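The values are calculated or read from the model by the stated rules, or taken from the named source; none is laboratory data. Quick caveat: nothing in here was measured; it's all calculated off a predicted structure. Virtual Cβ from ideal backbone geometry, glycine too; neighbours counted across all protein chains shown. Protein only, heavy atoms only, side chains kept; ligands, DNA and RNA dropped before computing areas. Shrake-Rupley method; radii C 1.70, N 1.55, O 1.52, S 1.80 Å.
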Amino acid sequence: MNALELTLIKLAFLAVLWLFVIAAVGVVRTDLFGPTARRRAAPQRSRVTPTARPPKPARPGRAAPQLLLVTAGTLAGTSLGLSDQQITIGRANDATLVLTDDYASTRHARLFPQDGQWLVEDLGSTNGTYLDRQKVTHPTPVPVGVPIRIGKTVLELRR
Amino acid sequence: MSAFPSTAPAVRAPLPRGRRGTELIMLCFALVIVAFAYASVGFGLNGKLPSSLPLYVLGYAVVVFAAHFAVRWLAPWADPLMLPLAALLNGLGIVMLYRLQESGRNGNPGQVISTLSSSATMLQVVYSALGIAVFVGLLALIREPRVLQRYTYTLGTIGLVLLALPALLPDRFSEVPGTGAKIQIAVGGFTVQPEEFAKLLLAVFFAGYLVGKRDVLALAGRRVLGIDLPRARDLGPVLVAWAASLLVLIFESDIGTSALFFGLFIAMLYIATQRTSWLLIGILLFLFGALVTAALFSHVGARFTVWLHPFTRANIYCNPATQLHCVPSYQTVQGLYGLGFGGIFGTGLGHGEPFYTPLVQSDFIVTAFGEELGLVGLMAILLIFGLLVQRGLRAALGVKDPFAKLLAGGLAFVLALQVFVIVGGVTRLIPLTGITTPFLSQGGSSLIASWALVAVLVRVSDTARRPAPQPIQDEGMTQVVRA
């Protein structure tokens with residue numbers, strides 16, 4: 001063991017240690033933002049080609065929101081992944097997003113997908129649902145990043 | 001329901017959130033690093049692979065993989081990073097103990113350090129196995145975080161008893177030889193440090209107590225100078241916690257535990273009420289208490305002297321033959337010299353001289369890592385702690401149940417605080433207080449308690465990430481009837 005080899009071992013160990021930290025940060029990142037676009041596309045292709053089905057209707061690219069994020073209120077920081085299911089919001093125990101908000105109604109509002117976009121509909125709540133500053137009176141499309149206000153809770157669609 | 005992949009064309013499938021595969025890969029990576037570190041120590045000390053490498057590394061790997069499969073079975077939605085991060089830290093701790101044990105006292109392999117017997121590494125591996133057994137046991141026992149809430153006061157009482165026990169026992173049972181600190185219980189050849197477990201039990205108690213009281217703590221009171229002041233009668237529990245932590249400080253000479261205990265309470269109070277006033281009141285109370293005790297009690301005051309004037313001639317001299325009776329700052333200064341000797345990239349594992357620092361295997365293990373891995377390696381280790389804390393706080397954010405939220409937040413915070421107090425202490429950022437570095441230091445109590453802490457965090461993260469159950473009713477069958 002000469003000095004050069006020992007130095008190399010030392011530096012290699014530090015490099016491996018940092019590689020672990022970076023890999024761990026990568027895991028945290030995928031946890032927050034989902035897998036990268038390339039990796040997400042791969043399973044899709046393998047599912048379609050062997051059965052030779054006609055390709056599914058084009059998925060909306062980066063435009064489709066991925067999750068519903070609570071940005072203010074007691075549940076701030078909570079996020080829900082979006083599927084094709086509607087999301088009911090309110091204080092009822094069977095709501096998808098159960099609010100602990102004194103200003104929200106039991107069944108306050110719902111979010112549902114239609115024709116590739118998400119709509120918000122007020123379910124006759126006492127204090128109303130607001131999309132940005134506008135009161136929601138009929139099902140209204142929700143753009144990504146526009147706040148939905150329910151009582152003291154603010155929700156947002158995120159990619 | 002949101003976590004199940006959907007086939008609908010309009011929305012992309014959300015990512016599968018179990019991620020046990022990722023955990024397995026990261027775990028293998030962690031074990032490779034531990035084996036590499038072990039081999040590197042062997043090359044550094046003797047120029048060849050240590051003969052005990054397969055025994056220790058394989059033994060540790062078996063235990064860690066057992067933990068992984070237990071998580072697969074008991075907490076399938078848990079966070080994928082907590083177990084690998086903890087396993088890596090624990091493994092690095094074992095390697096560093098092996099390295100210190102091999103070099104012996106002052107670098108003479110023949111001389112055994114009195115506090116680091118020749119079987120220390122083996123014992124640490126056994127303690128790791130015990131710790132992981134506790135980890136698995138807790139996961140099996142606590143299937144939902146909220147079951148702990150039922151035992152709020154029971155666990156709180158046990159915690160307080162454990163915290164006070166060493167102070168009440170006679171010195172020969174509870175005193176750490178040569179330090180004057182009464183923090184352990186010696187039974188047979190073994191010592192237990194009950195404070196490590198008391199910390200966890202009290203976190204459960206605080207969480208249970210604050211869930212019930214947080215509204216009155218947050219909302220009642222007056223506003224003075226832009227700060228919400230609580231009512232006097234609500235201050236009671238805070239004052240009790242403060243007094244208890246001061247009593248620990250005075251009767252057990254254990255500044256670290258008292259800071260940890262009070263810090264945990266204040267942090268959980270802050271998380272529960274979101275009122276900055278509690279934070280200010282807590283910090284002021286603690287500073288006041290610490291300064292007064294430093295002035296009144298010499299053993300506390302000595303810590304401040306060492307912190308402020310470590311390089312004064314009177315403080316620095318030590319007779320190497322009788323290290324246990326050194327003047328106060330010898331240990332701190334040796335640790336600082338070690339860090340300086342290591343520099344940016346360190347001396348390489350097995351090439352430094354960390355053995356000159358007294359108690360380097362427990363309180364000062366961070367300086368040993370700093371010396372041999374350098375600033376670069378130490379930062380990586382601190383980041384690993386940081387990631388573990390971050391995953392804990394993330395679990396606290398994600399979980400809905402307020403009790404679990406508080407508990408996970410408090411435990412993640414206390415882990416961070418413990419690392420801060422000891423690393424800050426040995427690097428002379430704050431006065432040094434002798435507490436263990438979680439996972440790294442020698443000692444069974446600390447290791448088992450750290451694994452228990454991670455078990456609770458894993459359980460909370462499992463609850464937080466578990467998808468909501470599928471509705472039994474078909475959505476299309478439900479009809480909305482309107483007037």
request  = Restricting attention to region B:26-47, report how many residues are without any contact (Cβ under 8 Å) to a residue 60 or more places away in the chain and either closer than 16 Å to B:Leu89 by Cα or surrounded by 19 or more Cβ atoms within 10 Å (Cβ to Cβ) (or both).
outcome  = 8
ask   = B:Leu407: open to solvent by 10 Å² or more (accessible area, probe 1.4 Å) and either assigned to a helix (DSSP H, G or I) or among the polar types (S, T, N, Q) (or both), yes or no?
value = no
query = Mind checking whether some residue in region A:143-152 is within 14 Å of chain B (Cβ to nearest Cβ) and without any contact (Cβ under 8 Å) to a residue 60 or more places away in the chain?
reply = no
note = Counted residues in region B:360-400 being surrounded by fewer than 22 Cβ atoms within 10 Å (Cβ to Cβ) and either away from every other protein chain (no Cβ under 12 Å) or among the β-branched types (Val, Ile, Thr) (or both) come to 3
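Residue check: is A:Tyr103 open to solvent by 20 Å² or more (accessible area, probe 1.4 Å) and part of a strand (DSSP E or B)? Give the derivation first.
Details: open to solvent by 20 Å² or more (accessible area, probe 1.4 Å): yes; part of a strand (DSSP E or B): no.
It is false that A:Tyr103 is open to solvent by 20 Å² or more (accessible area, probe 1.4 Å) and part of a strand (DSSP E or B).
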message = Checking B:Leu58 against (1) hydrophobic (A, V, I, L, M, F, W, C); (2) under 20 Å from the mean Cα position of the chain (by Cα); (3) open to solvent by 50 Å² or more (accessible area, probe 1.4 Å), only one condition comes out false. Which one?
response = (2)
note = Filtering region A:108-139 for residues that are within 14 Å of another protein chain (Cβ to nearest Cβ) and either in a strand (DSSP E or B) or surrounded by fewer than 11 Cβ atoms within 10 Å (Cβ to Cβ) (or both) leaves a count of 13
query = If you go through region B:62-91, how many residues are closer than 22 Å to A:Thr30 by Cβ and either in a loop (DSSP other than H, G, I, E, B) or open to solvent by 10 Å² or more (accessible area, probe 1.4 Å) (or both)?
reply = 8
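Each row is one residue, and each column tells you yes or no for (1) more than 8 Å from chain B (Cβ to nearest Cβ); (2) farther than 30 Å from B:Gly348 by Cβ; (3) modelled with pLDDT of 80 or more.
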position: A:Leu4; (1), (2), (3): yes, no, yes
position: A:Thr7; (1), (2), (3): no, no, yes
position: A:Leu14; (1), (2), (3): no, no, yes
position: A:Trp18; (1), (2), (3): no, no, yes
position: A:Val27; (1), (2), (3): no, no, yes
position: A:Gly34; (1), (2), (3): no, yes, no
position: A:Ser46; (1), (2), (3): yes, yes, no
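Would you confirm, using the coordinates I've provided, whether A:Arg159 is under 18 Å from A:Thr74 (Cα atoms) and either touching a Ser or Thr at 6+ places or on another chain (Cβ under 6 Å) or within 14 Å of another protein chain (Cβ to nearest Cβ) (or both)?
Judged against the criteria, A:Arg159 is not a match.
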note = Picked from region B:3-52 (must be more than 10 Å from chain A (Cβ to nearest Cβ) and part of a loop (DSSP other than H, G, I, E, B)), the residue modelled with the lowest pLDDT is B:Gly18
message = Restricting to region A:87-100, give me the number of residues that are facing chain B (nearest Cβ under 10 Å) and open to solvent by 40 Å² or more (accessible area, probe 1.4 Å).
response = 2
note = All conditions in (1) within 26 Å of B:Glu23 (Cβ to Cβ); (2) part of a loop (DSSP other than H, G, I, E, B); (3) of a type in the set (A, V, I, L, M, F, W, C) are true of B:Leu429 except (1)
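Go over the candidates B:Leu291, B:Leu280 one by one and state the one that is in contact with a strand residue (DSSP E or B) (Cβ under 8 Å, 6 or more places away or on another chain), open to solvent by 20 Å² or more (accessible area, probe 1.4 Å) and over 18 Å from B:Val216 (Cβ atoms). Please lay out each step first, then the result.
Numbers: B:Leu291 fails: in contact with a strand residue (DSSP E or B) (Cβ under 8 Å, 6 or more places away or on another chain).
Answer to the check: B:Leu280.
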query = Can you name every residue in region B:339-348 that is closer than 10 Å to B:Leu373 by Cα, among the hydrophobic types (A, V, I, L, M, F, W, C) and either more than 8 Å from chain A (Cβ to nearest Cβ) or open to solvent by less than 10 Å² (accessible area, probe 1.4 Å) (or both)?
reply = B:Leu339, B:Ile344
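Please state which one of B:Arg465, B:Arg459 is among the charged types (D, E, K, R), in contact (Cβ under 8 Å) with a residue 60 or more places away in the chain and within 20 Å of B:Leu88 (Cα to Cα). Spell out the reasoning first.
Values: B:Arg465 fails: within 20 Å of B:Leu88 (Cα to Cα).
Sole residue among the options that is among the charged types (D, E, K, R), in contact (Cβ under 8 Å) with a residue 60 or more places away in the chain and within 20 Å of B:Leu88 (Cα to Cα): B:Arg459.
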